[in-house]
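Engineer: The structure under discussion is supplied below as structure tokens; questions concerning it will follow.
The values are calculated or read from the model by the stated rules, or taken from the named source; none is laboratory data. No experiment lies behind these values; they were computed from the predicted model shown. Glycine also receives a Cβ, built like all others from the backbone with ideal geometry; neighbour counts cover every protein chain displayed. Surface accessibility is based on the protein's heavy atoms, side chains included, excluding ligands, DNA and RNA. Shrake-Rupley method; radii C 1.70, N 1.55, O 1.52, S 1.80 Å.
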Amino acid sequence: MREALNRLRAVAAIASLTAASSPIFAADHAEAPLVESDQAADIADVYAFLDPNDNSKVILAFDVHGFIVPGENGNLGAFDHDVLFQFNIENTGDAAPDKFILVNFDEQSSRSQPQIATVTIPGSKKPDTISFTAPTTVASSTASTPPPPVITTDPASGISFFAGLTDDPFFFDIPAFNRFVASVLGGTPDVSLLNRGRNTFAGYNVQMIALSVPANLLKGPAGNVIGVSATTLRQRNVHYSEKRDPFGAGNFAPIDRMGVPAINTVLIPFARKNEYNRATTVDDAAGKFAGDIVATLTALGTDATHIGILANVAVLNGDMLRLDTSVADTGPQGGTNAGAGFPNGRRPADDVIDTILFLVTNEALTTGDHVNANDVPFRDAFPFFAAPQQPFPPGTVDDNTRN
């Protein structure tokens, strides 16, 4: 925990030296009213980490449409073809992204056939643009054994791609956290409320997009450090016709964005959550939400020192994960070595909630929320996220989703 704090301080110090430039559209499970009714575009989590098997590759991932129960894998396993899924990469040391990785899917034609994804990294000139197609992994709501992940590697760029259902990788006790926060705001903090130790996300699946990208395709003038966030977008106009399904047209508008975990969920007031998701990382750096973040932390009893650490990371350089690609990542499940994880990017096994609780409570709470690992182990190779939960065989007693 202390190591994570020191790294957050270092990130905050770096952020305080940078300035914002041009804007981008940059959330957590159903954290805002708009995405509650648009699950297909609701970003749950964003990840950026070095491949522990080959540190020359950066793993970029984000997931949408959380809380899919195994019995609905077949019905809810397809990506919305009207959503544009976007990774934002910053490599010049400010709050504005310098490179985008765009992913879109064709319309699902059959529950038993893959969708075709198109992955595009626009270049400054057409010959510099990277583009390739790849099939998704078809989900099953009947098989007891999950399907193996379908991985496509583009020979020209060396980028590998996966898209499909995985076990939801977030591990966190939401009811316990909310009860603890209520006790703090009520003036009688009760740490024992965090003792439940139940993972709210256990037993559920999520739609995951993951890429393995050579680091040299992402790095820029800022050297080894890159910023990473994700955005989902829809076209502004939807056309309805008796002769065909509804279709989008016009410019794309942001629906959801995310970088650092829990910022919108925990620190942004409810009345501004939709606004936050439609804003940009440049808006963050300009201080558009700084007052709200500071006010929330103050109400939670966070002192000025720790408000500075958290606010600097989430505000001064925009709401983006920062990954130092010179810090080696090693170990199973996407990496577990000390000092290489959150807030240096984010790996699947990083216990981000414990780190945030530690800082919000001025380092007083060292036990976190007592949910210290995912409900199932992560994979040790790309795409790293665990296989999706499947319906259990007859006679199985399951306690996974009894929250």
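Engineer: Determine which member of the set S110, S131 is part of a loop (DSSP other than H, G, I, E, B) and either out of contact with any Cys (no Cβ under 8 Å at 6 or more places or on another chain) or of a type in the set (A, V, I, L, M, F, W, C) (or both).
Structural biologist: Only one candidate passes the filter, namely S110.
Engineer: Looking at V360, V397, V352 in this structure, which one is over 21 Å from the mean Cα position of the chain (by Cα), within 22 Å of G197 (Cα to Cα) and among the hydrophobic types (A, V, I, L, M, F, W, C)?
Structural biologist: Unique residue meeting the criteria: V397.
Engineer: Quick one: what pairs do we get from region 43-56, first residue outside any strand (DSSP E or B), second of a type in the set (A, V, I, L, M, F, W, C) and open to solvent by 10 Å² or more (accessible area, probe 1.4 Å), C-beta under 7 Å, 6+ apart or different chains?
Structural biologist: Taking only residues 6 or more apart or on different chains, the pairs are N53/A381.
Engineer: Okay, next question. Just give me the residues in region 65-95 being among the aliphatic types (A, V, I, L, M), open to solvent by less than 10 Å² (accessible area, probe 1.4 Å) and not in a strand (DSSP E or B), in sequence order.
Structural biologist: V83, A95
Engineer: Further question on the same structure: Determine whether region 158-176 contains at least one residue that is modelled with pLDDT of 95 or more, polar (S, T, N, Q) and within 30 Å of N73 (Cα to Cα).
Structural biologist: Yes.
Engineer: State whether the residues of region 252-263 include one that is farther than 19 Å from F62 by Cβ and either in a loop (DSSP other than H, G, I, E, B) or of a type outside the set (G, A, S) (or both).
Structural biologist: Scanning region 252-263, I find no residue that is farther than 19 Å from F62 by Cβ and either in a loop (DSSP other than H, G, I, E, B) or of a type outside the set (G, A, S) (or both), so the answer is no.
Results for (1) farther than 30 Å from P146 by Cα; (2) of a type outside the set (K, R); (3) within 22 Å of the chain's Cα centre (by Cα); (4) buried (at least 16 other Cβ atoms within 10 Å of the Cβ), shown as yes or no for each residue.
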residue	(1), (2), (3), (4)
P175	no, yes, yes, no
G186	yes, yes, no, no
G197	no, yes, no, no
V206	no, yes, yes, yes
A215	yes, yes, yes, yes
A222	yes, yes, no, yes
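Engineer: If only one of S141, S124, S109 is surrounded by fewer than 20 Cβ atoms within 10 Å (Cβ to Cβ), in contact with an Asp or Glu (Cβ under 9 Å, 6 or more places away or on another chain) and small (G, A, S), which one is it?
Structural biologist: That would be S141, the only listed residue that is surrounded by fewer than 20 Cβ atoms within 10 Å (Cβ to Cβ), in contact with an Asp or Glu (Cβ under 9 Å, 6 or more places away or on another chain) and small (G, A, S).
Engineer: Another question, then. Just one of I293, I263, I309 is at pLDDT below 95 and in contact with a Phe, Trp or Tyr (Cβ under 9 Å, 6 or more places away or on another chain); which is it?
Structural biologist: I263
Engineer: When you look at F382, is it of a type in the set (A, V, I, L, M, F, W, C), within 21 Å of I89 (Cα to Cα) and within 15 Å of the chain's Cα centre (by Cα), yes or no?
Structural biologist: no
Engineer: All but one of (1) under 29 Å from S144 (Cβ atoms); (2) open to solvent by 50 Å² or more (accessible area, probe 1.4 Å); (3) not small (G, A, S) hold for L316; state the number of the condition that does not hold.
Structural biologist: That leaves (1) as the condition not met.
Engineer: State whether the residues of region 153-167 include one that is outside any loop (DSSP other than H, G, I, E, B), among the small types (G, A, S), touching a helix residue (DSSP H, G or I) at 6+ places or on another chain (Cβ under 6 Å) and surrounded by 16 or more Cβ atoms within 10 Å (Cβ to Cβ).
Structural biologist: No, the conditions are met nowhere in region 153-167.
Engineer: Do you know which of the residues in region 32-64 that are open to solvent by 10 Å² or more (accessible area, probe 1.4 Å) and of a type in the set (D, E, K, R) is modelled with the lowest pLDDT?
Structural biologist: For region 32-64, the residue satisfying everything is E36.
Engineer: Still on this structure: Scan region 331-355 and report the pairs whose first residue is among the hydrophobic types (A, V, I, L, M, F, W, C) and whose second residue is open to solvent by 30 Å² or more (accessible area, probe 1.4 Å), with Cβ atoms within less than 8 Å and a gap of 6+ or a chain change.
Structural biologist: A338/E3; A340/V327; A340/A328; A340/T330; A349/Q333; A349/T336; A349/A373
Engineer: Now a separate question. Across region 256-286, which residue is surrounded by the most Cβ atoms within 10 Å (Cβ to Cβ) among those that are among the small types (G, A, S) and within 12 Å of the chain's Cα centre (by Cα)?
Structural biologist: Within region 256-286, the match that is surrounded by the most Cβ atoms within 10 Å (Cβ to Cβ) is G259.
Engineer: A further question on this structure: Of all residues being closer than 21 Å to G318 by Cα and in contact with a Lys or Arg (Cβ under 9 Å, 6 or more places away or on another chain) in region 341-373, which is surrounded by the fewest Cβ atoms within 10 Å (Cβ to Cβ)? Just the residue, please.
Structural biologist: V352
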